[in-house]
Amino acid sequence: SAVISQKPSRDICQRGTSLTIQCQVDSQVTMMFWYRQQPGQSLTLIATANQGSEATYESGFVIDKFPISRPNLTFSTLTVSNMSPEDSSIYLCSVRDRLTSSYNEQFFGPGTRLTVL
Amino acid sequence: AQSVTQLGSHVSVSEGALVLLRCNYSSSVPPYLFWYVQYPNQGLQLLLKYTSAATLVKGINGFEAEFKKSETSFHLTKPSAHMSDAAEYFCAVSERSGNEKLTFGTGTRLTIIP
């Protein structure tokens with residue numbers, strides 16, 4: 001499976017600021033996703049990052065708050081904008097490659113642990 | 001809409017005892033099903049997946065899961081728990097066609113008692 005890295009691994013930020021999280025894959029993949037995992041909770045899909053076009057957001061998530069870029073098939077960024085303490089979560093990047101699997105499984109990065117003060 | 005339910009947010013077993021983590025799905029047709037494990041301060045790792053090739057699926061680290069259509073279940077088991085199995089376990093479901101997204105259960109935290 002693909003090797004996925006995320007930067008930063010963790011950060012502590014002040015409210016009102018923004019943080020950009022990077023996700024890098026060691027091979028080209030067709031699909032990339034961003035999830036949020038709030039403390040003690042399960043994973044919630046934020047959006048599907050589309051290469052060369054605007055991301056597809058899930059209900060409850062908007063582009064102004066979580067702008068996403070995907071300039072190529074190995075890299076994506078998620079920005080958490082105008083942060084508040086409620087944004088304190090683990091943010092996870094995942095990938096799926098349609099060319100190597102037909103079963104929709106996703107592989108996850110190590111996550112970025114964000115604390116907003 | 002498809003969904004998964006994990007019974008028991010916390011499960012404790014003694015080292016060497018059987019591990020049983022429960023997952024039930026809701027879907028009009030048998031979906032793809034997955035179990036993921038999350039160790040502290042790490043991302044999710046795929047343990048195993050059900051794709052319909054076989055109802056008993058073997059995964060990594062000695063885990064296996066059995067798909068039972070009549071019970072709409074996909075419970076995860078391991079015959080003998082090890083201390084290193086302590087982690088959070090997530091069941092996830094995906095449609096076979098069209099929507100490729102994963103929907104996750106609420107997770108079960110497994111504690112191993114020495």
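The values are calculated or read from the model by the stated rules, or taken from the named source; none is laboratory data. Every value quoted in this text rests on a predicted model; they were computed, and no experiment measured them. Please note: Cβ atoms are built from the backbone with ideal geometry, for glycine as well, and neighbour counts cover all protein chains shown.
Looking only at the stretch A:81-109, how many residues end up being at the interface with chain B (Cβ under 10 Å from one of its Cβ atoms) and crowded, with 17+ Cβ neighbours inside 10 Å?
11
Let me confirm something: among B:ALA1, B:ALA53, which residue is farther than 19 Å from B:GLY105 by Cα, surrounded by fewer than 16 Cβ atoms within 10 Å (Cβ to Cβ) and either modelled with pLDDT under 95 or acidic (Asp, Glu) (or both)?
So the residue among B:ALA1, B:ALA53 that is farther than 19 Å from B:GLY105 by Cα, surrounded by fewer than 16 Cβ atoms within 10 Å (Cβ to Cβ) and either modelled with pLDDT under 95 or acidic (Asp, Glu) (or both) is B:ALA53.
Report, by residue number, each residue of the stretch B:4-50 that is among the basic types (Lys, Arg) and crowded, with 18+ Cβ neighbours inside 10 Å.
If the condition is that a residue be among the basic types (Lys, Arg) and crowded, with 18+ Cβ neighbours inside 10 Å, then B:LYS49 is the only one that fits.
Please work out which one of (1) more than 10 Å from the chain's Cα centre (by Cα); (2) within 23 Å of A:VAL116 (Cβ to Cβ); (3) not aromatic (Phe, Trp, Tyr) is the condition A:SER53 fails and give its number.
(2)
Based on this model, can you work out whether A:ARG10 counts as surrounded by fewer than 20 Cβ atoms within 10 Å (Cβ to Cβ), touching a helix residue (DSSP H, G or I) at 6+ places or on another chain (Cβ under 7 Å) and among the charged types (D, E, K, R)?
no
Is at least one residue of the stretch B:82-97 in contact with a Leu (Cβ under 8 Å, 6 or more places away or on another chain), within 17 Å of B:ASN24 (Cα to Cα), modelled with pLDDT under 95 and crowded, with 17+ Cβ neighbours inside 10 Å?
yes
When you scan the stretch A:48-113 for strands (runs of 3 or more DSSP E) that lie fully inside it, which ones turn up with 2 or more residues that are more than 28 Å from B:LEU33 (Cα to Cα)? Walk me through it before giving the result.
Working: elements: A:68-72, A:75-80, A:89-96.
Of the strands (runs of 3 or more DSSP E) lying wholly inside the stretch A:48-113, those with at least 2 residues that are more than 28 Å from B:LEU33 (Cα to Cα) span A:68-72, A:75-80.
If you take the residues in the stretch A:13-31 that are over 24 Å from A:SER84 (Cβ atoms) and within 12 Å of chain B (Cβ to nearest Cβ), which one is surrounded by the fewest Cβ atoms within 10 Å (Cβ to Cβ)?
Here the residue is A:THR30.
Among the residues of the stretch A:2-49, write down those that are on the phi > 0 side of the Ramachandran plot and in contact (Cβ under 8 Å) with a residue 60 or more places away in the chain.
A:GLY16
Can you name every residue in the stretch A:41-55 that is surrounded by fewer than 16 Cβ atoms within 10 Å (Cβ to Cβ) and over 27 Å from B:TYR89 (Cα atoms)?
A:ASN50, A:GLY52, A:SER53, A:GLU54
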